[in-house]
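Chemist: Please find one structure pasted underneath; my questions will follow.
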Amino acid sequence: MPTFTVETDRRCQAVDVTERVESALPADANGTATIFVQHTTAGVAVNEVESRLLGDFESMLTDLVPDDGWDHDRLDGNADAHLRTLLLGPGETVPVDEGALSLGTWQSVLLVECDGPRRRTVTVRA
């Protein structure tokens with residue numbers, strides 16, 4: 001199963017991984033691709049890659065889920081990351097046609113880091 005890693009450098013960060021996902025697909029793939037991040041404090045989303053929108057997205061996640069005050073923080077201090085990821089989910093399913101993602105004009109695949117900086121593993125299956 002094809003995988004790749006992504007290095008993040010901020011606590012909350014959206015990273016465009018569209019090209020890496022597409023590179024992981026077989027050239028003759030048709031149907032759907034599942035993009036899955038193998039972590040409980042990172043997620044996958046499909047949205048537009050525009051710097052102001054990505055900043056808004058990151059701000060939205062941190063505004064919706066405060067950094068502290070959670071019971072889980074007594075264990076390892078990252079409850080906010082787990083809760084933000086619950087809003088996102090660990091994966092997305094995208095149509096594939098002849099080895100290419102069938103995304104809309106402004107759509108891209110994003111790895112969304114919620115507990116960075118970290119190294120994340122993304123799995124792609126077509």
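Chemist: Place a +1 charge on the Cβ of each Lys and Arg in region 3-125 and a -1 charge on the Cβ of each Asp and Glu, then give the dipole magnitude about the Cα centre in debye, rounded to the nearest 20.
Modeler: Details: 10 positive and 22 negative charges, 59 e Å.
With only Lys, Arg, Asp and Glu charged at Cβ, the dipole is about 280 debye.
Chemist: Could I ask something else about it? If you average the alpha carbon positions of region 80-101 and of region 1-72, how far apart do those two centres end up, in angstrom?
Modeler: 7
Chemist: Which order do peptides 47-55, 15-23, 111-119 fall in by mean Cβ count within 10 Å, highest first? Walk me through the numbers before you get to the answer.
Modeler: On the way: 47-55: 12.7, 15-23: 17.8, 111-119: 20.4.
Per-residue Cβ counts within 10 Å, averaged per peptide and sorted highest first, yield 111-119, 15-23, 47-55.
Chemist: Follow-up question, since we're still on this one. Please give, to one decimal in nm, the separation of the simple spin-label points placed at LEU103 and ASP67, each 7 Å out from Cα toward the Cβ.
Modeler: In this crude spin-label approximation the distance works out to 3.0 nm.
Chemist: From the phi of every residue in region 107-122, what ³J(HN,Hα) in whole Hz does the Karplus formula 6.51 cos²θ - 1.76 cosθ + 1.60 yield, where θ is phi - 60° and glycine or proline is x?
Modeler: Karplus-based 3J(HN,Hα) across region 107-122 equals 8, 9, 9, 10, 8, 10, 7, 10, 9, x, x, 8, 9, 10, 10, 10 Hz.
Chemist: So, one more: Which order do the peptides 82-88, 98-104 come out in when sorted by mean C-beta neighbours inside 10 angstrom, highest first?
Modeler: Numbers: 82-88: 17.9, 98-104: 13.9.
Top to bottom by mean Cβ count within 10 Å: 82-88, 98-104.
Just so you know, all these numbers are worked out from the coordinates, no wet-lab data involved. Model, not experiment: these values are computed from the prediction. Neighbour counts run over all protein chains shown; Cβ positions are idealised from the backbone, glycine included.
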